[in-house]
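One structure below.
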Amino acid sequence: MTNALLLGADYYGTLAAARCYGKHGIDVTMADESVIARGMYSRHVKKRLVHPPYAKPGVLVDWLLDYGAKNPGTLLYAPNDHLAWLFAAHRERLEEVFSMYTPSEDVMMTLLDKKRLHEACASVGLDVPKTQMLGDPGTVIGHRWPVILKPRTQVCLVGGIKGFIAHDERELETGLARYRRLVRFHEAFADRYPGIGEPLVQEYSPSGETSIFSVSGFVTERGVLVSRASMKVLQRPRKVGIGLCFEGRPLEHDLADKLAALCRRLGYYGCFEAELIAEGDRRLLIDFNPRFYSQMGFEIARGLPLPMLVLHAARGDDAQLARELARARTWMPTGNEVYCHKTMLDLLLTLQGLSGRMSRGDIQRWRQWYAAAELRGVAADAVRDPEDRMPAVVDAAQWMQEFGLHFRSFMRSFVLNQ
C-alpha cells in the first residue's frame with residue numbers, strides 16, 4: 001500500500017490533496033502543529049500526528065527523518081513556502097527515507113525570492129510589475145503612485161505580512177516603519193540568506209484587486225507542462241489578499257510556453273501556481289508557488305489530479321504519469337467552472353454589508369454569482385464536500401474563534417480591507 005505524509009493540515013491545498021489521495025486508495029497520514037487543524041478531520045485521513053513547530057526547523061527535520069525511517073518510501077511533498085524551502089534545503093537527507101519530487105534549494109529560492117524570480121523572468125520574456133529594492137531612508141525614484149511595499153519572500157516569515165499600499169511618500173514612510181516593526185524572518189533562514197529582510201516596492205495596479213490571472217499545473221523534469229487557467233475575481237482583504245472566488249479561463253498558450261521555459265531554465269519540476277496581474281492583454285507575474293497551493297481543489301475538479309501526478313513522478317512510475325498527463329489533456333471546459341470558499345464569502349458579504357463597505361447591489365451580485373454556479377453544478381468549494389463534511393464544520397468554528405480572539409485584525413481584513 002502506498003502512503004503519503006501530508007503536513008500543514010490547516011491549508012486548503014493539503015485538504016484537497018488528502019481527499020484526492022484517499023479517493024485513489026492512498027493511505028494518508030496528516031501531521032500538523034495542532035490536533036484541531038481542519039484537515040485532520042477529513043475522513044480520508046487514516047492517521048493523525050502532531051509534529052514540532054515550524055519555528056524549530058532543525059527539530060522538525062529530525063522528526064521527519066525519524067518518521068521516514070520507520071515508514072520508508074512514504075511520499076513527502078510541500079504544502080507551503082516554508083516547507084518547500086525546508087524540504088529542498090534538506091533534500092539529500094530526506095530523500096534517503098521518503099519518496100520526493102523536489103528540486104534543489106537554489107531552484108526553490110529563485111522562485112520563492114521575488115528579487116531573484118524577477119531576474120529569471122526577464123531571461124524568458126515574462127513581464128513583471130516595475131519593482132525595486134527599498135532601503136533606508138525609503139526614497140522611491142521613478143515609481144508612479146500608489147505602490148505596494150512587501151517582503152521579498154514569505155518563507156519563514158514571522159507575522160505573515162502580505163504587503164502595505166502607499167499613495168504618497170508619507171504613507172510609504174509610515175508603511176516602512178510598520179514593516180520594520182512587524183516583519184521578521186526565522187533566524188535559521190535569515191542567517192542562510194543575508195539581506196532577505198530587505199523590503200521591495202512595486203507599482204500597484206488596481207487590476208490586482210479583481211483581475212489576478214492564475215496558471216496552475218504540473219511540469220515534469222523534462223519540462224513537459226500541463227496546466228489550467230483561472231481568474232481570481234474576489235479576495236480578502238479586497239485590495240491585497242487571499243483568493244475567495246475564482247472563475248475558469250481558457251489557457252493562454254503563449255503564456256504557458258513562457259512558464260514552461262522558465263521552469264526548464266531554472267530546473268524546476270512539480271506542482272506550481274503562477275499568479276499574474278491581468279492588465280488588458282498584458283500578464284505581469286507577481287508570484288510563482290512551487291508546491292501544493294490553496295485552490296488546488298479547482299484543478300482537481302477540472303481533471304488535473306495534481307497530487308496523483310506528484311505521487312507517480314516521485315515513485316518513478318513514468319508510464320502511469322504519462323497516462324495521467326494524457327488524460328488531463330483531454331478534459332474539456334464548459335466555460336462556467338468556478339471555485340469559492342463559500343463560508344468565508346458569506347462572512348465577508350455579511351460584514352461588508354453591515355459596515356457599508358460593500359453596496360447592496362454588489363452583495364446581491366456575488367450571491368447570485370455563486371447561486372448560478374451551484375445551479376449549473378460547476379462550483380468547487382475550498383472545504384465543503386457532501387462526502388467529507390467535518391472539515392467544513394471545523395473550518396467554520398475556527399473562523400468564529402478567529403473573530404473572537406483577534407477581533408481587530410479580523411475587522412481590518414474582512415471589513416476595512418486592510
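Using a Gaussian network model of the chain in which every pair of alpha carbons under 10 angstrom is joined by a spring, one finds that among 305, 290, 72 the greatest mean-square fluctuation is at 72.
The stretch between residue 376 and residue 265, if pulled fully straight at 0.36 nm per residue, gains 35.8 nm over its current Cα-Cα span. Subtracting the Cα-Cα distance of residue 334 and residue 55 from 0.36 nm times their residue separation leaves 96.0 nm of extension gain. Between residue 65 and residue 363, the simple spin-label model (points 7 angstrom out along Cα→Cβ) gives 5.6 nm.
Which order do the peptides 182-190, 3-11, 217-225 come out in when sorted by mean C-beta neighbours inside 10 angstrom, highest first?
Final packing ranking: 3-11, 217-225, 182-190.
Would you mind telling me the antiparallel percentage of the DSSP bridges in the chain, rounded to 5? For the chain, the DSSP antiparallel bridge percentage is about 70.
Near residue 124, no amide H atom lies under 5 Å from its own; only residues 5 or more places off or on other chains count, and H is placed 1.01 Å from N. Only DSSP H runs of four or more residues enter the estimate; each adds -39500 (n - 2.57), and after division by the residues of the chain the mean residue ellipticity at 222 nm equals -12500 deg cm²/dmol. When the chain is treated as a GNM with alpha-carbon contacts under 10 Å, the residue of 166, 69, 177 showing the greatest mean-square fluctuation is 177.
For residue 27, what is the net charge nearby, where nearby means another residue's Cβ is under 9 Å from its Cβ and Lys, Arg count +1, Asp, Glu -1?
Values: positive: 46, 47; negative: none.
Every neighbour counted, the sum reads +2.
Between residue 133 and residue 174, the modelled label-to-label distance comes to 2.8 nm, taking each label 7 Å out from Cα in the direction of the beta carbon.
When 174, 153, 14 are arranged by Cβ crowding within 10 Å, least crowded first, meaning fewest neighbours, the order is 174, 153, 14. Within the shell of other residues whose beta carbon sits under 13 angstrom from the beta carbon of residue 247, the net charge comes to +4, with Lys and Arg scored +1 and Asp and Glu -1.
For a Förster distance of 41 Å, can you work out the FRET efficiency between the beta-carbons of residue 281 and residue 191, rounded to the nearest 0.05?
Working from the Cβ atoms, E equals 0.40.
Recomputing Rg and Dmax of the Cα atoms in Å from the coordinates shown identifies the correct label among [x] 30.0, 130; [y] 20.7, 60; [z] 21.1, 68 as [y].
Every number here is computed from the coordinates shown, using simple stated rules; none is lab data. Just so it is clear, the model here is predicted, and its values are computed rather than measured. FYI the Cβ positions are ideal-geometry reconstructions off the backbone, even for glycines, and counts take in every protein chain you see.
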